[in-house]
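Student: Here it is, the structure in full.
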Amino acid sequence: MNVAAPSIQANWVWFAGFTGVDTNIAIVEDSRIDFDNNCLVNNLGTRVANDANVDQHATATAGMAASTNSTHRGIAYGAGIYSANGTNYTDANMSAALDAAANNADILNNSWGPNCGGADGSMNVHARHADYIVRYVWDTVTAAAGNNGNCAGGEFVGGVANGYNVIA
């Protein structure tokens, strides 16, 4: 973060008075955030608090968003963080995680999804769900464009990122 923040000139936004204060971000993953991390001080809760699936990825993603560490500061440092853990990647659990995120945050971050999307650009259930949240709940939804590179069908973007109103 000591390289990423300056490279996108986040310091200019911070100097203008815009940080994560008064913003709530949900990290939507299959696993939960490790809130024992002393750089994640604004804990808004966890969807399934007793879930044993605590993950470095979910915790690192939360840190990139809202770490309060003075050297490795998150881009929206000071934001409240909600761990919208799905407990596993089944459609039902991830849909419940998206709903919990929408109820507890203004911004939903999704860095998960299927390896390849439909080559025809069709949306899966999660992309349609995220699109609904943006249109009717008025939350901002961000998603990783994909983690698999060039899929057999030539597609690159899949999962939640296929939503029309999702920032990928």
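Student: Among T68, I27, A168, whose Cα sits farthest toward the positive end of the charge dipole of the chain (+1 at Cβ of Lys/Arg, -1 at Cβ of Asp/Glu, about the Cα centre)?
Tutor: T68
Student: Order the peptides 43-52, 84-93, 27-36, 125-134 from the highest to the lowest mean number of other Cβ atoms within 10 Å of their residues.
Tutor: The packing order, highest mean first, is 27-36, 125-134, 84-93, 43-52.
Student: On a 0 to 90° scale, report how tilted helix 91-104 is relative to the longest principal axis of the chain, with both axes built from alpha carbons and the result rounded to the nearest 10.
Tutor: The helix 91-104 is inclined about 40 degrees to the chain.
Student: Evaluate E = 1/(1 + (r/R0)^6) for N165 and S70, where r is the Cβ-Cβ distance and R0 equals 45 Å; express this FRET efficiency to the nearest 0.05. Please list the in-between numbers first.
Tutor: Values: r = 35 Å, r/R0 = 0.79.
So, using R0 = 45 Å, E works out to roughly 0.80.
Student: Within 10 Å, count the other beta carbons around each residue, average over each peptide in 3-14, 60-71, and list them highest first.
Tutor: Details: 3-14: 12.2, 60-71: 19.6.
Packing order, densest peptide first, comes out as 60-71, 3-14.
Student: How large is the charge dipole for the chain, taken about the Cα centre, if only the Cβ atoms of Lys, Arg (+1) and Asp, Glu (-1) carry charge, to the nearest 20 debye? Please report the intermediate quantities before stating the final value.
Tutor: On the way: 5 positive and 14 negative charges, 57 e Å.
Here the chain has a charge dipole of around 280 debye.
Student: Next question. Pop out the ³J(HN,Hα) list for the stretch 17-26 in order, Karplus 6.51 cos²θ - 1.76 cosθ + 1.60 with θ = phi - 60°, rounded to Hz; leave Gly and Pro as x.
Tutor: x, 9, 10, x, 4, 6, 10, 10, 10, 9
Student: Rounded, prolate or oblate: which one fits the chain, using the alpha carbon gyration tensor with axes a ≥ b ≥ c (rounded when a/c is under 1.5, else prolate when a/b beats b/c, else oblate)?
Tutor: Values: a/c = 1.69, a/b = 1.37, b/c = 1.23.
It comes out prolate by the Cα gyration axes.
Student: Given the DSSP H assignment, sum -39500 (n - 2.57) over each helix run of at least 4 residues in the chain and divide by its residue total; what's the result at 222 nm in deg cm²/dmol, nearest 500?
Tutor: Values: 5 runs with 43 residues, N = 168.
When only DSSP H runs of four or more count, the value is -7000 deg cm²/dmol.
Student: Taking the mean number of other Cβ atoms within 10 Å as a proxy for protection, how do you rank 76-82, 100-106 from highest to lowest?
Tutor: My ranking of the peptides, most packed first, is 76-82, 100-106.
Student: Using the Cα gyration tensor of the stretch 1-44, with a ≥ b ≥ c the square roots of its eigenvalues, what is the shape: rounded (a/c below 1.5), prolate (a/b larger than b/c) or oblate (neither)?
Tutor: Details: a/c = 2.21, a/b = 1.73, b/c = 1.28.
Cα axes put the stretch 1-44 in the prolate bin.
Student: So with the 1.4 Å probe, I'd like the accessible area per residue for the chain, rounded to whole Å². Numbers along the way, then the final one.
Tutor: Working: 8630 Å² over 168 residues.
Normalised by residue count, the accessible surface of the chain is 51 Å².
Student: Which percent of the accessible area of the chain is formed by carbon and sulfur heavy atoms (probe 1.4 angstrom)? If you can, show how the numbers build up before the last one.
Tutor: Values: 4390 of 8630 Å².
Of the solvent-accessible surface of the chain, carbon and sulfur hold 51 percent.
Student: Could you point to the residue in N38, Q56, N85 farthest towards the positive end of the chain's charge dipole, with +1 and -1 charges on the Cβ of Lys/Arg and Asp/Glu respectively?
Tutor: N38
Student: Hey, another quick one. Label points 7 Å out from Cα along the Cβ direction at T140 and V3: separation in nm?
Tutor: Here the answer is 2.5 nm between the modelled labels.
Student: Sort out for me the Cα centre separation of the stretch 32-56 from the stretch 4-29, rounded to whole Å.
Tutor: So the separation of the two Cα centres works out to 20 Å.
Student: Take the Cβ-Cβ distance between A49 and V13 as r, set R0 to 25 Å, and report the resulting FRET efficiency rounded to the nearest 0.05.
Tutor: On the way: r = 33 Å, r/R0 = 1.31.
In this case the efficiency is close to 0.15.
Student: Under a no-solvent Debye model with one identical scatterer per Cα of the stretch 30-116, what's log10 I(q)/I(0) at q = 0.12, 0.16 Å⁻¹?
Tutor: Evaluating at q = 0.12, 0.16 Å⁻¹ gives log10 I(q)/I(0) of -0.32, -0.57.
The values are calculated or read from the model by the stated rules, or taken from the named source; none is laboratory data. If you're wondering where the values come from, they're calculated on a predicted model, not measured in any experiment. With ideal geometry, Cβ positions are generated from the backbone for all residues, glycine too; neighbour counts draw on all protein chains shown. Just so you know, the surface numbers come from the protein's heavy atoms only, side chains and all, with ligands and any DNA or RNA stripped out. Shrake-Rupley method; radii C 1.70, N 1.55, O 1.52, S 1.80 Å.
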